[in-house]
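Chemist: Got a structure for you, written out below as structure tokens; questions coming shortly.
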Amino acid sequence: MINFDLNNIDSVEFGVCIREGGEQDYSIVPVDKGVQAALTEMVRTTIDTWESCGKKTEKYSPAEEHGSLARLETQLDNDVKPLKELYEATNLPTRSNSLNDPAKIVFYFAFLRDGKNRKLLSVRRASTFKGLAKPQNALARFVDDSLKIVPDTVFKFDPDFDFLVLDQRVVILRYRAFESIACVEEILVQKAGENVDALQQSLQFVNLVAMRDYVSTHKRSARLVAAILARDDLKKTSRDLLKKACNSGGVDVKVIGGKLVPDKGHEEAFLKVLDRRRYSITLIAQRKETYDATGRRKTN
């Protein structure tokens, strides 16, 4: 449920993020009431579409793959630090010239406040927005009963946003856009060593420290570690059952000093077992098939 009153909007601000020289810069662009109304309607469409994507909201996981549209949610914390900083930003500079070079626009956003002073941030990648129709593109309109070339630069808004931020929540409709804008993968790689150490505390019978360098240099493994760390049942994991699952899934592990250690080259597969993403099945006699799951849904 979205705790925000779209029928009682107090203010709407529009802004863009420009990337130049590897740095991102945010600025507010003045807009009239017509654009404010259009942005509000985009938020309404986003919520309607998000709610129609499933009967219940799923927790976002960095190791999971979804369709182009999904009903996901995550917390606004330091794992999505760029979003947290934008949402909490005050007194962003107002620059009317921020749209002068559309190629540099990474995404556009809107801050809405309702009658109870609740704040909602809505974000959309600028792929359509910066696909401008310039005079040389022969965009035309009727003026005084005749067709004339539009002499101005024209921007096109999208029908909805990729995700919303409110109440310390991120409501995600397009997860790939969210990951890109929130720099999810970059942050997880930076935190990989820290996450491995935290995971080690919950799985004392696994030598995860030996995998620290590997995870820090492999993006997919960094995602898997973060996903595993988010589980609330890690301490219930059985060493014997984990070893059995590895053997079944074709993952080679050794026991060194009483701790499980995956063989070199089996590190990512080992993490997939922990995240319930590697499984085997036998439907043909004498033939065991092993698969990795990029998407999964618990049925019991």
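The values are calculated or read from the model by the stated rules, or taken from the named source; none is laboratory data. What you are looking at is a predicted structure, and each value in this text was computed from that prediction instead of being measured. Reconstructed Cβ throughout: ideal geometry from the backbone, glycine too, with neighbour counts over all protein chains shown.
Chemist: Between a first residue in the stretch 143-157 that is under 13 Å from Leu99 (Cβ atoms) and a second residue that is modelled with pLDDT under 75 and in a strand (DSSP E or B), which pairs have beta carbons less than 6 Å apart while being 6 or more apart in sequence or on different chains?
Modeler: As it stands, the answer is Val154/Ala133, since those pairs meet every condition given.
Chemist: So is Thr237 touching a Leu at 6+ places or on another chain (Cβ under 8 Å) and either of a type in the set (Ser, Thr, Tyr) or on the phi > 0 side of the Ramachandran plot (or both) or not? First the steps, then the outcome.
Modeler: On the way: touching a Leu at 6+ places or on another chain (Cβ under 8 Å): yes; either of a type in the set (Ser, Thr, Tyr) or on the phi > 0 side of the Ramachandran plot (or both): yes.
It is true that Thr237 is touching a Leu at 6+ places or on another chain (Cβ under 8 Å) and either of a type in the set (Ser, Thr, Tyr) or on the phi > 0 side of the Ramachandran plot (or both).
Chemist: Hey, another quick one. Of everything in the stretch 10-31 that's out of contact with any strand residue (DSSP E or B) (no Cβ under 8 Å at 6 or more places or on another chain) and not in a loop (DSSP other than H, G, I, E, B), which residue is nearest to Glu186 (Cα to Cα)?
Modeler: Checking each candidate, the answer is Glu23.
Chemist: I've got another one for you. Residue under question is Ser280, and the condition is that it be of a type in the set (Gly, Ala, Ser), in a strand (DSSP E or B), outside the structural domain of Ser61 (by TED's automatic domain parsing) and touching an Asp or Glu at 6+ places or on another chain (Cβ under 7 Å); does it hold? Don't jump to the end; show me each part of the working.
Modeler: On the way: of a type in the set (Gly, Ala, Ser): yes; in a strand (DSSP E or B): yes; outside the structural domain of Ser61 (by TED's automatic domain parsing): yes; touching an Asp or Glu at 6+ places or on another chain (Cβ under 7 Å): yes.
Yes, satisfied.
Chemist: If Ala245 satisfies all but one of (1) modelled with pLDDT of 95 or more; (2) farther than 30 Å from Gly54 by Cα, what's the number of the condition it fails?
Modeler: Unmet for Ala245, out of (1) modelled with pLDDT of 95 or more; (2) farther than 30 Å from Gly54 by Cα: (1).
Chemist: Can I ask one more? Please verify whether Ala222 is of a type in the set (A, V, I, L, M), at pLDDT 95 or above and surrounded by 11 or more Cβ atoms within 10 Å (Cβ to Cβ), treating the condition exactly as stated. First the steps, then the outcome.
Modeler: Working: of a type in the set (A, V, I, L, M): yes; at pLDDT 95 or above: yes; surrounded by 11 or more Cβ atoms within 10 Å (Cβ to Cβ): yes.
Yes, satisfied.
Chemist: Which fully enclosed helices (runs of 4 or more DSSP H) of the stretch 146-249 have 2 or more residues being under 28 Å from Arg118 (Cβ atoms)? Please lay out each step first, then the result.
Modeler: On the way: elements: 175-181, 184-190, 192-202, 212-216, 219-229, 239-248.
Result: 175-181, 184-190.
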